[in-house]
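Down below is the structure, laid out as structure tokens.
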Amino acid sequence: MRNIFIVIGIAVLMSTGVVLTTASIHEDAPAVAPDFTLPDTEGQDFTLSSLRGQYVVLDFWGTWCKICLKGMPKLKEAQEKYKGKFTIVGVDCGDKTVKWKHWVDSLKDDMPWKHVIMGRRLEVQREYNIKGYPTKMLIDPEGKVVKSFVGEDPRFYLLLEETFGN
């Protein structure tokens with residue numbers, strides 16, 4: 001009986017976005033970023049490999065993830081600080097297209113980077129071994145995963161500083 005209350009409690013907390021994950025280095029990230037093609041906010045196909053030759057930050061998030069949304073200003077700040085040194089691609093996970101598009105459109109000034117939607121198709125999530133949200137991943141110009149972080153982890157921003165300087 002005690003176990004059922006624990007499971008219900010965790011489900012309630014997760015549904016409210018209070019507890020999604022603790023910050024940690026994502027040790028199970030692939031060594032090379034698997035290529036994917038997903039629709040962007042305009043309904044056009046976006047392919048990750050089109051960014052080869054430059055650094056990329058993949059940000060796996062969802063509108064349902066309060067921790068993800070809370071971290072967006074810090075990501076925007078990093079984008080401004082290191083302008084032109086990397087490209088951010090927000091990969092929405094688990095949302096319906098209409099809801100996702102509404103969120104991205106209403107927050108485009110707060111999240112001024114490329115956005116694609118995975119929705120409920122889980123292939124990309126599986127290929128990247130996503131275990132929690134948000135997951136932020138730095139990919140080098142050759143397509144190799146430099147490092148990946150689960151949760152709003154300050155070490156992600158330290159990695160950007162180490163990689164791109166002040």
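The values are calculated or read from the model by the stated rules, or taken from the named source; none is laboratory data. All of these numbers come straight from a predicted model, not from anything done at the bench. With ideal geometry, Cβ positions are generated from the backbone for all residues, glycine too; neighbour counts draw on all protein chains shown. Areas reflect the complete protein model, heavy atoms only, side chains present, ligands, DNA and RNA absent. Shrake-Rupley method; radii C 1.70, N 1.55, O 1.52, S 1.80 Å.
Brief remarks on what is shown
- Set side by side, the residues T87, T41, T47 differ, and just one is of a type in the set (V, I, T), farther than 24 Å from R120 by Cα and open to solvent by less than 70 Å² (accessible area, probe 1.4 Å), which is T87.
- Only one entry of T41, T16 meets the criterion of being over 18 Å from D153 (Cα atoms) and at pLDDT 75 or above, and that entry is T41.
- Qualifying residue in segment 125-138 (condition: farther than 15 Å from G151 by Cα, in contact (Cβ under 8 Å) with a residue 24 or more places away in the chain, in a helix (DSSP H, G or I) and under 12 Å from the mean Cα position of the chain (by Cα)): yes
- Of all residues assigned to segment 125-141, at least one qualifies as being within 17 Å of T87 (Cα to Cα) and surrounded by fewer than 13 Cβ atoms within 10 Å (Cβ to Cβ).
- Condition met for T63 (open to solvent by less than 60 Å² (accessible area, probe 1.4 Å), in a loop (DSSP other than H, G, I, E, B), modelled with pLDDT under 95 and over 17 Å from E123 (Cα atoms)): yes
- Just one of (1) within 17 Å of P39 (Cα to Cα); (2) touching a strand residue (DSSP E or B) at 6+ places or on another chain (Cβ under 6 Å) fails for R121. It is (2).
- Residue within segment 36-45 that is in a loop (DSSP other than H, G, I, E, B) and in contact (Cβ under 8 Å) with a residue 12 or more places away in the chain present: yes
- Out of R52, R126, sole residue that is basic (K, R) and at pLDDT 95 or above: R52
- For segment 90-109, the candidate set comprises residues that are charged (D, E, K, R) and open to solvent by less than 80 Å² (accessible area, probe 1.4 Å); within that set, the residue that is nearest to W61 (Cα to Cα) is D92.
- Considering G84, G62, the condition of being small (G, A, S) and touching a Gly at 6+ places or on another chain (Cβ under 8 Å) is satisfied by G62 alone.
- Residue check for F156: under 16 Å from L48 (Cβ atoms), open to solvent by less than 30 Å² (accessible area, probe 1.4 Å), modelled with pLDDT of 95 or more and not polar (S, T, N, Q): no
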